[in-house]
Amino acid sequence: MERDRSAPVVGLDVPAEIGMPVEEIATPALIIELDQFQKNVKTLKDFIETHGVRLRAHAKTHKSADVARYQMSQGGACGVCCQKVSEAQALVSAGIDDVLVSNQVVDKRQIGHLAEMAKSARVMVCVDDAGNVDELAQAAQAAGVEIGCLVEIDVGAGRCGVQPGREAAVLAGRIAQARGLKFAGLQAYQGSAQHKAEFETRKALIGEAVRQVRETVDLLAAEGLGCEIVAGAGTGTFALEAQSGLYNELQCGSYVFMDADYQRILDENGEPVSMFGNSLFIVTSVMSKTRPGFAVCDAGLKAQSADSGLPRVHGRDGVTYIKWSDEHGVLEDPGDTLKLGDKVWLVPGHCDPTCNLYDTYVGVRDGKVECLWPVTARGRVF
């Protein structure tokens, strides 16, 4: 595709223009390699169809209406998860019509926003408190809407959620009796299992989660409460939940991009999990080359999340990202292969918080910019 020379030059608002060669992208920039992105989406679609489960893709990973639309139109997703009300609002405003806020919403103003959203989309939320149920019901009645509620149970993550079994059943009963609310099922996400490197460790943690879910589902059934949704399952463990015969809605997020941290986990043969490939990169430029064996690039801490460690250099054997500061990254280059202005592609350590640092995804294919997608819900953390 020939570059449109009449198009505006790269400005302060976007790092690239459609049709531009990858080498001309202003750096640091957040790149989606579209072929691998689409392959990842298709891989999980094929999986859910084979196993007879639903996918509610987690949009906290990408915060993008464009990515969410693709996951729903091409990737088999029945809807999306969001982690915050404002994040959900941004996607609903952009046309996403089926959203689960997979978190507790207790602020009265935010509850009101949740109810307003339910006027134009299917909206669900997680609960783990009886008083919160009453507040959600009041808001739903005032707005004339129905809000679906998943009782969140703590299956080992030690975060939110009531205890499985009787405590969950009591809360589900309260939801079922509340006007304006619908008891939609269980949220049973074992978050602490997702990044455990050893397969057997992950398997054991999910096995215990499944046991607790089964106990709760059986108790609900005994009390006449149907459990339409049993949700959870992240990128690190979804195959285990899908095989349980209980979980029927997966909440994978990072699969669409992958990151360096997820690619450290191992399969049952002790090999790195390879079902999905890296489609998200930070492209950075060499800005200084004054010392033999080293180079400095323009992607530092402000260009990527630091919580899961240093990024991995992609496609350049022997080059390693070894240190960062606010605006600089130090690359070890023993062969002195890098020169001033060279582009280096980095696989971020953790994709979710990295994406929240950028305004725009630059979609590339065959060495050229094919699309520019806004990070729709960037900064929506409330």
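Data for the structure
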quantity: Ordering of 182-190, 373-381, 286-294 by burial proxy (mean other Cβ atoms within 10 Å per residue, highest first); calculated: 182-190, 373-381, 286-294
quantity: Out-of-range pairs (alpha-carbon distance over 20 Å; input Lys63/Lys196; Lys63/Lys84; Lys196/Lys323; Lys39/Lys203; Lys323/Lys343); calculated: Lys63/Lys196; Lys196/Lys323; Lys39/Lys203
quantity: Packing-based ranking, highest mean first, of 119-132, 69-82 given that Cβ atoms within 10 Å are counted; calculated: 69-82, 119-132
quantity: In nm, spacing of pseudo-spin labels at Lys119 and Asp98 (7 Å Cα→C-beta vector); calculated: 2.4 nm
quantity: Under 16 Å from the Cα of Lys119 - lysines, other chains or at least 8 residues apart; calculated: Lys182
quantity: Mean Cβ neighbour count within 10 Å, used as a protection proxy, ranking 331-337, 86-92, 144-150 highest first; calculated: 86-92, 144-150, 331-337
quantity: Extension gain from Arg214 to Thr50, taking 0.36 nm per residue of separation minus the Cα-Cα distance; calculated: 56.8 nm
quantity: Segment 259-330 - charge dipole about Cα centre, Lys and Arg +1 at Cβ, Asp and Glu -1, debye rounded to 20; calculated: 460 debye
quantity: Shape of segment 34-257, Cα gyration tensor, a/c cut at 1.5; calculated: oblate
quantity: Förster radius 41 Å - calculated FRET efficiency between Lys203 and Val170 (Cβ-Cβ, nearest 0.05); calculated: 0.85
quantity: Alpha-carbon centroid distance for the pair segment 95-160 / segment 179-211, whole angstrom; calculated: 20 Å
quantity: Charge dipole magnitude, Cβ of K and R +1, D and E -1 - the chain, Cα centre, debye nearest 20; calculated: 380 debye
quantity: For segment 298-350 and segment 223-275, distance of Cα centres in Å; calculated: 30 Å
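Quick note: the coordinates plus some simple rules give every number you see, no bench work behind them. Bear in mind the structure is a predicted one, so any value in this text is a computation, not a measurement. With ideal geometry, Cβ positions are generated from the backbone for all residues, glycine too; neighbour counts draw on all protein chains shown.
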